[in-house]
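The values are calculated or read from the model by the stated rules, or taken from the named source; none is laboratory data. Owing to the predicted nature of the structure, the values given are computational and were not obtained by experimental measurement. Here the Cβ positions follow ideal geometry from the backbone for every residue, glycine too, while neighbour counts run over all protein chains shown. Surface accessibility is based on the protein's heavy atoms, side chains included, excluding ligands, DNA and RNA. Shrake-Rupley method; radii C 1.70, N 1.55, O 1.52, S 1.80 Å.
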Amino acid sequence: AMALTSNGRPEHLVASELSRIAQDCREGSSLLVEVMSVIWERIRESRGMQWKHGYYSLQMILELILHGPLAAVSEATDGIDKIRKLKYYENMRSGAVHDMRTMATSVYNLLVNRARLFAMRRVCALRRMEAGNSSRVVQK
């Protein structure tokens, strides 16, 4: 989680590593608590040149609430005030401001609109099941 929320994260591994973290968190609840601790710490330090820490943390929250355990929704909701503050993020770089505000608004809106969130979680779960079934067919 620290590496995926750092400025120098390995972009070519991001998608697979985010997916792995969500899967690992589904399998063990203590890992989710540790990952969320890293996320909240990174959001706290997302000032100035470290703005990507917060942005990448929001990406990780989005991955967890869509693909992770149900407890991830609760954990993210516990920090909804931090996410709401990022909707009004200020930075000297207009691109950073736009990216952060857009991501924060998306995550925040999902957390407050539970019907939409759980509909999206169902779609994601079906896609994971289909992907798992197709990979089994290929292996046979």
- Message: Of all residues being more than 14 Å from R26 (Cα to Cα) and out of contact with any helix residue (DSSP H, G or I) (no Cβ under 9 Å at 6 or more places or on another chain) in the range 47-82, which is most open to solvent (accessible area, probe 1.4 Å)? Just the residue, please.
- Response: M49
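Going through the range 83-97 one residue at a time, which ones are surrounded by 15 or more Cβ atoms within 10 Å (Cβ to Cβ) and in a helix (DSSP H, G or I)? Lay out the reasoning, then the answer.
First, pick out the residues of the range 83-97 that are surrounded by 15 or more Cβ atoms within 10 Å (Cβ to Cβ): 83-84, 86-87, 89, 91, 96-97.
Within the range 83-97, I83, R84, L86, A96, V97 meet the criteria.
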- Task: Among residues belonging to the range 32-46 that are of a type in the set (D, E, K, R) and part of a helix (DSSP H, G or I), point out the one that is most open to solvent (accessible area, probe 1.4 Å).
- Result: R44
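Starting from residues that are farther than 15 Å from N109 by Cα and acidic (D, E), keep the ones in the range 75-96 and report whichever is farthest from the chain's Cα centre (by Cα).
The first filter runs over the range 75-96 and keeps only residues farther than 15 Å from N109 by Cα, leaving 75, 89-96.
Among the residues that remain, those that are also acidic (D, E) are: 75, 90.
Numbers: E75: 12, E90: 21 Å.
Looking at residues that are farther than 15 Å from N109 by Cα and acidic (D, E), I get E90.
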- Message: Which of the numbered conditions does M100 fail, given that it passes all the others? Conditions: (1) in contact (Cβ under 8 Å) with a residue 40 or more places away in the chain; (2) open to solvent by 10 Å² or more (accessible area, probe 1.4 Å); (3) more than 23 Å from L126 (Cβ to Cβ).
- Response: (2)
- Filtered residues of the range 1-31 (kept if of a type in the set (D, E, K, R), touching a residue at least 40 places away in the same chain (Cβ under 8 Å) and either under 24 Å from A125 (Cα atoms) or surrounded by fewer than 12 Cβ atoms within 10 Å (Cβ to Cβ) (or both)): R26
